[in-house]
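The values are calculated or read from the model by the stated rules, or taken from the named source; none is laboratory data. Model, not experiment: these values are computed from the prediction. So basically every Cβ, Gly included, is an ideal-geometry build from the backbone, and we count neighbours across all protein chains shown. Quick note on the areas: whole protein, heavy atoms, side chains included, nothing else; ligands and nucleic acids left out. Shrake-Rupley method; radii C 1.70, N 1.55, O 1.52, S 1.80 Å.
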Amino acid sequence: MNAIGTVAALKSIFGSKSGGSGGKIGNFMSEIRATGVARTNLFDVEITPPKIILGSKAASKISLYAEGAALSGRTISTVDINRYGYGPHEKIPYSMQYNDFTLQVIGDGQGEMYKFFYNWMQGIVRGDSDVLRDKTDGGGKKAYEVEFKENYAVDIVVRQYNEQGDTIFATRLTDAFPISVPDVSLNWSDSSLMQFSVTFAYLQNILENAGTPMALGKGGIMELSPLQKLVKVGTAVQVLQGLQGTRGIQGALAASTSVRNLF
(Lines give C-alpha, C1' and ligand atoms only; values in the text may rest on other atoms or scores of the structure.)
Protein backbone atom coordinates (compact mmCIF):
# COMPACT_ATOMS: atom_id res chain seq x y z
CA MET A 1 0.00 0.00 0.00
CA ASN A 2 2.97 2.33 0.57
CA ALA A 3 4.03 1.68 -3.02
CA ILE A 4 0.54 2.48 -4.27
CA GLY A 5 0.52 5.71 -2.26
CA THR A 6 3.87 6.67 -3.76
CA VAL A 7 2.56 6.01 -7.26
CA ALA A 8 -0.53 8.10 -6.55
CA ALA A 9 1.69 10.98 -5.44
CA LEU A 10 3.78 10.67 -8.62
CA LYS A 11 0.61 10.65 -10.68
CA SER A 12 -0.44 13.96 -9.15
CA ILE A 13 2.91 15.40 -10.23
CA PHE A 14 3.15 13.96 -13.73
CA GLY A 15 -0.54 14.05 -14.56
CA SER A 16 -2.39 11.34 -16.52
CA LYS A 17 -1.41 11.96 -20.14
CA SER A 18 -1.68 9.06 -22.53
CA GLY A 19 2.10 8.92 -23.11
CA GLY A 20 5.25 9.01 -20.99
CA SER A 21 5.46 8.45 -17.25
CA GLY A 22 1.96 9.78 -16.59
CA GLY A 23 0.41 7.23 -18.93
CA LYS A 24 2.30 4.35 -17.36
CA ILE A 25 1.33 5.46 -13.86
CA GLY A 26 -2.30 5.80 -14.90
CA ASN A 27 -2.26 2.31 -16.40
CA PHE A 28 -0.72 0.94 -13.22
CA MET A 29 -3.36 2.56 -11.01
CA SER A 30 -6.15 1.29 -13.28
CA GLU A 31 -4.70 -2.22 -13.13
CA ILE A 32 -4.50 -2.12 -9.32
CA ARG A 33 -8.08 -0.86 -9.03
CA ALA A 34 -9.32 -3.57 -11.39
CA THR A 35 -7.43 -6.61 -10.09
CA GLY A 36 -6.13 -5.68 -6.61
CA VAL A 37 -2.94 -7.16 -5.17
CA ALA A 38 -2.07 -10.57 -3.76
CA ARG A 39 -1.68 -10.79 0.02
CA THR A 40 0.27 -13.42 1.90
CA ASN A 41 -2.39 -13.88 4.62
CA LEU A 42 -5.20 -14.89 2.24
CA PHE A 43 -4.59 -18.61 1.86
CA ASP A 44 -5.64 -22.00 3.13
CA VAL A 45 -4.20 -25.51 3.18
CA GLU A 46 -6.11 -28.72 2.49
CA ILE A 47 -4.64 -32.09 3.49
CA THR A 48 -6.28 -35.36 2.50
CA PRO A 49 -6.28 -37.74 5.51
CA PRO A 50 -3.86 -40.65 4.91
CA LYS A 51 -5.17 -44.21 5.05
CA ILE A 52 -3.13 -45.03 8.16
CA ILE A 53 -5.13 -42.48 10.22
CA LEU A 54 -8.25 -42.24 8.09
CA GLY A 55 -10.58 -41.90 11.10
CA SER A 56 -8.89 -38.71 12.36
CA LYS A 57 -10.97 -35.53 12.15
CA ALA A 58 -7.97 -33.24 12.66
CA ALA A 59 -7.25 -33.05 8.92
CA SER A 60 -10.44 -31.04 8.36
CA LYS A 61 -9.15 -28.38 10.81
CA ILE A 62 -5.75 -27.87 9.21
CA SER A 63 -6.98 -24.85 7.22
CA LEU A 64 -7.96 -23.17 10.50
CA TYR A 65 -4.70 -23.75 12.36
CA ALA A 66 -2.27 -23.42 9.45
CA GLU A 67 -0.67 -20.09 10.31
CA GLY A 68 1.95 -20.09 7.58
CA ALA A 69 2.94 -22.04 4.49
CA ALA A 70 5.70 -21.59 1.96
CA LEU A 71 4.88 -21.98 -1.69
CA SER A 72 7.47 -24.60 -2.56
CA GLY A 73 10.12 -23.45 -4.95
CA ARG A 74 11.42 -25.35 -7.94
CA THR A 75 14.76 -25.47 -9.68
CA ILE A 76 15.64 -26.78 -13.12
CA SER A 77 18.72 -28.96 -12.85
CA THR A 78 21.27 -28.14 -15.51
CA VAL A 79 24.67 -29.33 -16.68
CA ASP A 80 27.40 -27.09 -18.13
CA ILE A 81 28.74 -28.00 -21.53
CA ASN A 82 30.98 -26.45 -24.15
CA ARG A 83 29.14 -26.74 -27.44
CA TYR A 84 32.31 -26.70 -29.49
CA GLY A 85 34.57 -28.20 -26.85
CA TYR A 86 35.82 -24.76 -25.85
CA GLY A 87 34.52 -21.23 -25.31
CA PRO A 88 31.70 -20.11 -23.00
CA HIS A 89 29.73 -22.58 -20.90
CA GLU A 90 26.15 -23.34 -21.89
CA LYS A 91 23.60 -24.70 -19.42
CA ILE A 92 21.48 -27.63 -20.61
CA PRO A 93 18.40 -28.62 -18.53
CA TYR A 94 17.84 -32.27 -17.70
CA SER A 95 15.51 -32.47 -14.68
CA MET A 96 13.27 -30.57 -12.24
CA GLN A 97 13.97 -30.38 -8.51
CA TYR A 98 11.39 -29.35 -5.86
CA ASN A 99 12.06 -27.84 -2.44
CA ASP A 100 10.54 -29.45 0.65
CA PHE A 101 7.22 -27.98 1.80
CA THR A 102 7.04 -26.44 5.29
CA LEU A 103 3.80 -25.80 7.16
CA GLN A 104 3.58 -23.57 10.26
CA VAL A 105 0.86 -24.77 12.65
CA ILE A 106 -0.74 -23.25 15.75
CA GLY A 107 -1.30 -25.80 18.52
CA ASP A 108 -4.95 -26.15 19.55
CA GLY A 109 -6.18 -26.42 23.14
CA GLN A 110 -6.75 -30.19 22.91
CA GLY A 111 -3.49 -31.06 21.20
CA GLU A 112 -5.22 -32.51 18.13
CA MET A 113 -2.90 -30.81 15.63
CA TYR A 114 0.30 -32.09 17.22
CA LYS A 115 -1.08 -35.60 17.73
CA PHE A 116 -2.29 -35.69 14.12
CA PHE A 117 1.21 -35.26 12.71
CA TYR A 118 2.73 -37.47 15.42
CA ASN A 119 0.39 -40.36 14.55
CA TRP A 120 0.96 -39.79 10.84
CA MET A 121 4.73 -40.09 11.22
CA GLN A 122 4.37 -43.06 13.58
CA GLY A 123 2.26 -44.77 10.93
CA ILE A 124 5.02 -44.32 8.36
CA VAL A 125 7.84 -45.67 10.54
CA ARG A 126 6.85 -47.16 13.89
CA GLY A 127 9.31 -45.54 16.30
CA ASP A 128 7.98 -46.21 19.80
CA SER A 129 7.60 -50.00 19.95
CA ASP A 130 9.57 -52.17 22.37
CA VAL A 131 12.39 -53.48 20.16
CA LEU A 132 13.86 -55.77 22.83
CA ARG A 133 10.59 -57.62 23.36
CA ASP A 134 9.75 -57.57 19.64
CA LYS A 135 6.35 -56.07 20.24
CA THR A 136 4.11 -54.82 17.45
CA ASP A 137 1.56 -52.04 17.22
CA GLY A 138 -2.17 -52.57 16.80
CA GLY A 139 -1.75 -53.03 13.06
CA GLY A 140 0.86 -55.77 13.37
CA LYS A 141 3.79 -53.55 12.39
CA LYS A 142 7.02 -54.10 14.30
CA ALA A 143 9.37 -51.41 15.54
CA TYR A 144 10.92 -49.33 12.75
CA GLU A 145 9.06 -51.24 10.08
CA VAL A 146 8.10 -48.98 7.15
CA GLU A 147 4.53 -48.74 5.86
CA PHE A 148 3.62 -48.99 2.16
CA LYS A 149 3.69 -45.56 0.52
CA GLU A 150 0.13 -45.83 -0.79
CA ASN A 151 -1.08 -45.88 2.83
CA TYR A 152 0.68 -42.73 4.05
CA ALA A 153 1.29 -40.46 1.02
CA VAL A 154 -1.49 -37.96 0.18
CA ASP A 155 -2.10 -34.80 -1.82
CA ILE A 156 -1.75 -31.36 -0.21
CA VAL A 157 -3.42 -28.34 -1.84
CA VAL A 158 -2.40 -24.75 -1.04
CA ARG A 159 -4.80 -22.07 -2.31
CA GLN A 160 -4.22 -18.33 -2.36
CA TYR A 161 -7.11 -15.88 -2.60
CA ASN A 162 -7.47 -12.26 -3.60
CA GLU A 163 -9.33 -9.68 -1.52
CA GLN A 164 -12.59 -10.52 -3.28
CA GLY A 165 -12.43 -14.16 -2.17
CA ASP A 166 -11.53 -15.57 -5.60
CA THR A 167 -8.89 -18.29 -5.89
CA ILE A 168 -5.79 -16.85 -7.55
CA PHE A 169 -4.10 -20.22 -7.89
CA ALA A 170 -3.96 -23.64 -6.29
CA THR A 171 -0.74 -25.60 -5.84
CA ARG A 172 -1.06 -29.38 -5.50
CA LEU A 173 1.73 -31.40 -3.90
CA THR A 174 1.36 -35.04 -4.90
CA ASP A 175 2.32 -38.05 -2.74
CA ALA A 176 3.24 -35.81 0.20
CA PHE A 177 4.11 -37.04 3.69
CA PRO A 178 5.72 -35.45 6.79
CA ILE A 179 9.43 -36.07 7.31
CA SER A 180 10.30 -33.70 10.16
CA VAL A 181 8.79 -31.93 13.18
CA PRO A 182 11.45 -29.80 14.91
CA ASP A 183 11.72 -29.24 18.65
CA VAL A 184 8.89 -27.28 20.26
CA SER A 185 10.11 -24.98 23.05
CA LEU A 186 8.06 -24.88 26.27
CA ASN A 187 8.82 -22.27 28.94
CA TRP A 188 7.02 -21.21 32.12
CA SER A 189 8.10 -17.61 31.64
CA ASP A 190 6.67 -17.46 28.10
CA SER A 191 2.89 -17.46 27.60
CA SER A 192 2.96 -17.16 23.81
CA LEU A 193 1.05 -19.40 21.45
CA MET A 194 2.35 -22.91 20.92
CA GLN A 195 3.58 -23.13 17.35
CA PHE A 196 5.42 -25.84 15.46
CA SER A 197 6.45 -26.50 11.89
CA VAL A 198 6.07 -29.65 9.80
CA THR A 199 8.30 -30.38 6.81
CA PHE A 200 6.92 -32.51 3.98
CA ALA A 201 8.52 -34.41 1.14
CA TYR A 202 6.48 -34.94 -2.03
CA LEU A 203 6.73 -36.16 -5.60
CA GLN A 204 5.57 -33.25 -7.76
CA ASN A 205 4.57 -29.60 -7.37
CA ILE A 206 1.71 -28.80 -9.77
CA LEU A 207 0.13 -25.38 -10.31
CA GLU A 208 -3.37 -26.53 -11.24
CA ASN A 209 -4.67 -23.42 -13.01
CA ALA A 210 -1.38 -22.18 -14.47
CA GLY A 211 -2.79 -21.77 -17.99
CA THR A 212 -6.36 -20.78 -17.08
CA PRO A 213 -7.47 -17.15 -16.60
CA MET A 214 -8.88 -16.56 -13.14
CA ALA A 215 -12.66 -16.27 -13.02
CA LEU A 216 -13.60 -13.22 -10.93
CA GLY A 217 -16.83 -12.78 -9.05
CA LYS A 218 -19.77 -11.07 -10.72
CA GLY A 219 -18.89 -7.43 -11.34
CA GLY A 220 -15.22 -8.08 -10.51
CA ILE A 221 -15.55 -6.99 -6.86
CA MET A 222 -17.46 -8.57 -4.00
CA GLU A 223 -17.18 -8.28 -0.25
CA LEU A 224 -16.02 -11.23 1.83
CA SER A 225 -18.62 -12.69 4.15
CA PRO A 226 -17.95 -12.66 7.92
CA LEU A 227 -17.27 -16.41 7.75
CA GLN A 228 -14.69 -15.94 5.00
CA LYS A 229 -13.00 -13.16 6.94
CA LEU A 230 -12.65 -15.40 9.98
CA VAL A 231 -12.07 -18.69 8.14
CA LYS A 232 -8.50 -18.82 9.45
CA VAL A 233 -7.45 -18.64 13.07
CA GLY A 234 -4.59 -16.44 11.92
CA THR A 235 -7.08 -13.86 10.65
CA ALA A 236 -8.98 -13.99 13.93
CA VAL A 237 -5.76 -13.46 15.85
CA GLN A 238 -4.98 -10.40 13.76
CA VAL A 239 -8.43 -8.97 14.48
CA LEU A 240 -8.00 -9.62 18.19
CA GLN A 241 -4.60 -7.99 18.19
CA GLY A 242 -6.09 -4.87 16.63
CA LEU A 243 -8.91 -4.77 19.19
CA GLN A 244 -6.56 -5.04 22.14
CA GLY A 245 -4.06 -2.44 20.98
CA THR A 246 -0.59 -2.77 22.46
CA ARG A 247 -1.47 -5.76 24.63
CA GLY A 248 -0.40 -8.08 21.83
CA ILE A 249 -1.72 -11.43 20.71
CA GLN A 250 -1.36 -13.13 24.09
CA GLY A 251 -3.27 -10.37 25.88
CA ALA A 252 -5.96 -10.46 23.25
CA LEU A 253 -6.45 -14.20 23.57
CA ALA A 254 -6.60 -13.84 27.37
CA ALA A 255 -9.56 -11.46 27.06
CA SER A 256 -12.18 -14.20 26.76
CA THR A 257 -15.09 -11.74 26.70
CA SER A 258 -13.71 -10.03 23.62
CA VAL A 259 -13.16 -13.41 21.97
CA ARG A 260 -16.79 -14.43 22.52
CA ASN A 261 -18.01 -11.09 21.19
CA LEU A 262 -15.81 -11.41 18.11
CA PHE A 263 -17.23 -14.79 17.11
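Measuring r between the beta carbons of Glu112 and Ala38 and using R0 = 25 Å, the FRET efficiency lands at 0.25. If R0 is 35 Å, the Cβ-Cβ spacing of Lys91 and Gln204 corresponds to a FRET efficiency of close to 0.95.
For Ser30 and Ser192, calculate 0.36 nm times their separation in residues minus their Cα-Cα distance, and state this gained length in nm to one decimal.
Details: separation 162, 0.36 × 162 = 58.32 nm, distance 4.24 nm.
The span from Ser30 to Ser192 would gain 54.1 nm if fully extended.
Accessible area of Asp175 (1.4 Å probe, protein heavy atoms only, ligands and nucleic acids ignored): about 60 Å². Taking only the C-alpha atoms of the range 44-83, the Rg (one decimal) and the largest Cα-Cα distance, Dmax (whole number), read 18.4, 57 Å.
Keeping all protein chains in place and using 1.4 angstrom, which order do Met29, Met194 fall into by accessible surface area, from largest down?
On the way: Met29 25, Met194 75 Å².
Correct descending sequence by accessible area is Met194, Met29.
Give me the percent of the accessible area of the range 28-113 that comes from carbon and sulfur atoms, probe 1.4 Å, all protein chains in place. Carbon with sulfur: 54 percent of the solvent-accessible area. Taking a straight Cα-Cα cut-off under 16 Å and skipping sequence neighbours fewer than 8 places away in the same chain, the aspartates and glutamates within cross-link reach of Lys141 are Asp128, Asp130, Glu150.
A cut-off under 13 angstrom between Cβ atoms defines the neighbours of Phe169, and their net charge, with Lys, Arg +1 and Asp, Glu -1, is -1.
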